[in-house]
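Here, each number is a calculation from the coordinates, and none is a lab measurement. Keep in mind that what you see is a predicted model, and the values were worked out from it rather than measured. Note: ideal-geometry Cβ built from the backbone for every residue, glycine included; neighbour counts use all protein chains shown.
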Amino acid sequence: MATVLSVSGSPSASSRTGRLLRHLDERLAAQGHRVIPLDVRTIPAAALLGADFRHPAIVEAAELFARADGVVVATPVYKASYSGVLKALLDLLPQYALTGKTVLPLATGGSTAHVLAIDYALRPVLNSMGAAHIVQGWFTLDKDITAHEDGSVTVAPAAIEALAQVVDQFSAALGRTPHLAAAS
Ligand SMILES: Cc1cc2nc3c(=O)[nH]c(=O)nc-3n(C[C@H](O)[C@H](O)[C@H](O)COP(=O)(O)O)c2cc1C
């Protein structure tokens, strides 16, 4: 069993990215992983924007990254890139916070014009933080995600099928993490 930190990088209170991610968390949990959700928007803005490395919420986030075997990083595409709040958090983590970790990058966006934002914007940052293995990511169009008032979410069939595949590839890659493979 792997510990997976599932990070939503949206600042929005009604985030489609967050809803989608929590839906995917259930699939990972059903596969036996321990999933820990982290919504960047819950971290105090003063800590993020004031570069307060010692703020308890930043220290706690850094510990969650350190303890995780795998990290899912999901972001809305804003201005052709990942969100500013996600970058604000990543900037406050140790340089090599992703060393030895398997990472699944995900994005949601309004236009297929930015479908490659994961690869040209997010992936290099994750790489610079030492990620051992960044598996294939996925971009989901916002119109394929319907958030309901009760907190649930509906995802268009083609999109959920593609997402299920990348989540399962991530899950399989976690199983090949050396210390977890040795334990099983
Ligand atoms: C400030 C802002 C900038 C955006 N810029 C882009 C963009 O450059 N490319 C794109 O495809 N979608 C863009 N979008 C659309 C969002 O990426 C999309 O609606 C996403 O699913 C929102 O996720 P969220 O609800 O988790 O914030 C933008 C939305 C906002 C609010």
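Output the relative contact order of the chain, whole-number percent, from Cα pairs under 8 angstrom with separation of 6+ residues.
Value for the chain: 24 percent.
In whole angstrom, how long is each semi-axis of the equivalent ellipsoid of the chain, when you take the square root of 5 times every eigenvalue of its Cα gyration tensor and sort them from largest down?
Semi-axes from the Cα gyration tensor: 22, 21, 16 Å.
When the helices in the chain are scored as -39500 (n - 2.57) per DSSP H run of 4 or longer and the sum is shared across all residues, what 222 nm value do you end up with, to the nearest 500 deg cm²/dmol?
Counting only the DSSP helices, I get -11500 deg cm²/dmol.
Just need the Rg to Rh number for the stretch 99-181, please, alpha carbons only, Kirkwood Rh.
With Rh from the inverse mean 1/r over Cα pairs, Rg/Rh is 1.03.
Within the chain, which DSSP H helices have Cα atoms that stretch 15 Å or more along the helix axis and a mean Kyte-Doolittle hydropathy of at least -1.0?
Span-like helices, by this rule, are 16-30, 56-67, 157-175.
In what order do 148, 23, 33 fall by count of nearby beta-carbon atoms within 10 Å, going from fewest to most?
Listed from fewest to most nearby Cβ atoms, that is 148, 23, 33.
Cut-off is 10 Å between beta-carbons; in what order do 8, 171, 152 appear when sorted fewest neighbours first?
Least crowded to most crowded, the residues run 152, 171, 8.
In which sequence would 67, 54, 19, 34 go, from the one with the fewest C-beta neighbours within 10 Å to the one with the most?
Ordered from fewest to most neighbouring Cβ atoms within 10 Å, 67, 54, 19, 34 come out as 54, 67, 34, 19.
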